[in-house]
Amino acid sequence: MSERIYTDYLIIGSGVAGLRAAIELGKKGRVLVVTKDLPTESSTEYAQGGVAVALSDEDEIGVHFEDTIKAGDGLCNEKSVKILVSEGPERIIELINWGAEFDKEGSKLAFTLEAAHSRKRVLHAHGDSTGREIERVLINKVSTLEKVKKASFTMAVDLIFEEGRCVGALLLKDKDIIECFSKATILATGGAGQIYSRTTNPKVCTGDGMAMAFRIGAYLKDMEFVQFHPTALFASGVPAFLLSEAMRGEGALLRNIYGEEFMKNYHPLKELAPRDVVSRSIISEMVRTNSSYVYLDMTHLDENFLRNRFPTIYSTCLKFNFDITKRPIPVSPAAHFIMGGVETDIDGKTNIEGLFAAGEVACTGVHGANRLASNSLLEGLVYGYRAAKGAIEYVEDLRINNTFHRYNLENHKKSLELYELGKMKEELRQTMWEKVGVIRCGKSLNEAKDKIIPLYERLVDGFYNDPLAIELKNMVTVGLLITYSALERKNSVGAHYRTDFKEKLPGWEKHLRVIKKDNWFEII
Ligand code: FAD
Ligand code: SIN
């Protein structure tokens with residue numbers, strides 16, 4: 001018989017969104033934060049460039065709003081964006097008061113430029129370790145809160161759905177299932193970059209939250225919009241380590257394999273054109289020059305400046321035998337961020353009672369079809385806080401006592417051989433990269449669908465107590481939903497680019513939602 005535990009609030013994920021929510025919820029009731037790896041293992045921990053916030057003397061909230069809307073290419077939810085940019089400064093000042101040390105120039109905060117920002121508004125810490133600093137401060141703050149308990153290496157497997165409500169989650173710890181019942185549950189599981197063979201995302205980003213929410217009938221929205229970062233390290237046997245956009249903000253240049261600067265041929269903003277434009281330009285240049293990469297060149301910048309401004313990037317590249325101060329670095333695009341996710345309102349509420357979502361797993365509409373660089377750490381802070389407020393209000397109004405069924409999972413358990421699991425995973429990741437990547441078309445998407453459907457059918461009914469098998473099931477689910485949404489959107493908007501529908505054709509403003517139906521789903 002599995003163990004049962006009870007809490008007021010269950011938070012799944014310990015990145016910026018989950019931790020920020022925990023700080024608010026810890027004032028109101030018992031909170032359990034579960035995370036499937038080390039507490040710090042998250043995209044947040046690896047975030048480099050910084051956090052965008054209109055706090056400099058030269059900036060205005062209205063300009064941050066306009067830049068975000070423009071990057072979103074017509075599909076942002078204006079109300080959500082207004083909240084992001086206007087509540088952002090308060091969330092950042094609070095973080096500074098809790099001990100966050102952002103870089104300064106003299107006594108003033110230092111702001112840098114990134115693509116598609118019309119002002120210098122990106123705060124950074126220790127040069128290029130902004131996420132680590134934010135994670136450090138939030139973890140410290142959470143550990144001062146008596147009512148917040150943390151459980152690492154504890155994976156949410158499925159949400160518990162009873163009598164029309166989400167009442168907790170089944171957790172996996174050391175191969176044992178724990179039934180965790182909560183009055184409200186907040187998904188803060190981050191993104192899904194691992195479904196692509198080339199990604200900047202850490203191993204934990206397998207789309208678990210999106211797949212779990214989908215399985216209990218939550219709406220997933222804008223799933224076709226995946227952002228590809230233009231500049232990830234490209235070399236054989238080396239991970240797609242991110243080379244921050246802030247490097248281009250500080251003057252780094254893109255060159256093709258013949259050493260030619262090429263961005264001027266693609267966009268007037270050159271290296272600082274919107275991220276999707278730069279990624280597509282790089283791909284075009286790679287095809288034109290018959291190469292698998294282009295170069296990011298910083299060698300004209302001062303050596304000491306580079307070492308001090310980008311210490312983590314400098315030392316990591318050096319570990320792989322690339323000295324950024326001495327020679328151009330081979331780079332190519334990699335899957336980086338998903339704009340879509342579990343649809344929420346501005347208070348993190350989903351269409352499932354008792355279920356809230358915040359951060360990259362959620363789709364509040366702040367990013368539209370393409371995220372403005374460095375807006376997601378801010379999103380985690382602003383919407384993590386708001387989702388917590390939403391959950392508190394929900395629990396205070398809750399009049400029903402939960403009645404819980406026992407879960408007998410023994411008869412449903414399935415297992416997968418490690419070899420088979422690895423093979424399926426590689427097939428999914430390669431297919432997503434080759435056919436549902438930076439540039440798509442009906443033919444490639446149909447081919448992807450034909451490869452992913454058998455994987456989905458094979459995995460969908462299984463209940464696994466092996467984290468890798470659970471992740472694979474979730475990855476295949478999310479991959480399938482992205483592919484179908486991309487097929488359904490017959491136009492090119494933001495990060496979704498189809499060679500067979502290159503323009504914004506009539507109807508492009510419509511958002512696509514996916515919802516589970518019987519053993520399949522429908523897109524509405
Ligand atoms: P995450 O920080 O990814 O946290 C998700 C958490 O959920 C993790 O703790 C994970 O272990 C846990 N989890 C997942 N599934 C389960 C499960 N089934 N059970 C239990 N726990 C689970 N954005 C910016 O704004 N500025 C930047 O400079 C920037 N740089 C980036 C650099 C890199 C290399 C990457 C990958 C992303 C970057 N981003 C940046 C994007 C940004 O970091 C993320 O979008 C953001 O941190 C997401 O925060 P989150 O809290 O939603 O998710
Ligand atoms: C980067 O540093 O280039 C990443 C910024 C982001 O993804 O917002």
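The values are calculated or read from the model by the stated rules, or taken from the named source; none is laboratory data. Given the structure is predicted, the values throughout are model-derived calculations rather than measurements. Positions of Cβ are generated from backbone atoms using ideal geometry, with glycine treated the same way; all protein chains shown enter the neighbour counts. Accessible surface areas use protein heavy atoms only, side chains included; no ligands, DNA or RNA. Shrake-Rupley method; radii C 1.70, N 1.55, O 1.52, S 1.80 Å.
Just name the residue that is surrounded by the fewest Cβ atoms within 10 Å (Cβ to Cβ) out of those in the stretch 184-223 that are charged (D, E, K, R) and out of contact with any Gly (no Cβ under 7 Å at 6 or more places or on another chain). Across the stretch 184-223, the extreme among qualifying residues is K203. In the condition set (1) at positive phi; (2) surrounded by fewer than 23 Cβ atoms within 10 Å (Cβ to Cβ), S56 is compliant with all but (1). Has the stretch 37-47 got any residue that is open to solvent by 10 Å² or more (accessible area, probe 1.4 Å), within 16 Å of ligand 2 (Cβ to nearest atom) and among the acidic types (D, E)? Yes, because at least one residue in the stretch 37-47 is open to solvent by 10 Å² or more (accessible area, probe 1.4 Å), within 16 Å of ligand 2 (Cβ to nearest atom) and among the acidic types (D, E). Just to be sure I understand, how many residues within the stretch 68-90 are open to solvent by 10 Å² or more (accessible area, probe 1.4 Å), touching a Gly at 6+ places or on another chain (Cβ under 9 Å), of a type outside the set (A, V, I, L, M, F, W, C) and part of a helix (DSSP H, G or I)? Selection size over the stretch 68-90: 2. Out of everything in the stretch 339-351 that is out of contact with any Phe, Trp or Tyr (no Cβ under 7 Å at 6 or more places or on another chain) and open to solvent by less than 10 Å² (accessible area, probe 1.4 Å), what residue ends up being farthest from M432 (Cα to Cα)? Looking at the filtered set, the residue picked out is V342. Within the stretch 257-281, the residues that satisfy the criterion of being surrounded by fewer than 15 Cβ atoms within 10 Å (Cβ to Cβ) and either within 19 Å of A495 (Cα to Cα) or within 16 Å of ligand 1 (Cβ to nearest atom) (or both) are P268, L269.
Residues in the stretch 102-118 that are under 25 Å from N304 (Cα atoms), within 24 Å of the chain's Cα centre (by Cα) and part of a loop (DSSP other than H, G, I, E, B): F102, L113, E114, A115.
Of the residues contained in the stretch 282-292, none is found to be touching a Lys or Arg at 6+ places or on another chain (Cβ under 9 Å) and open to solvent by less than 60 Å² (accessible area, probe 1.4 Å). Out of A495, A448, one residue alone is buried (at least 20 other Cβ atoms within 10 Å of the Cβ) and over 16 Å from Q227 (Cα atoms). It is A448. Checking P239 against (1) surrounded by fewer than 18 Cβ atoms within 10 Å (Cβ to Cβ); (2) away from ligand 1 (no atom under 14 Å from the Cβ); (3) without any contact (Cβ under 8 Å) to a residue 60 or more places away in the chain; (4) assigned to a loop (DSSP other than H, G, I, E, B), only one condition comes out false. Which one? Failed condition: (2).
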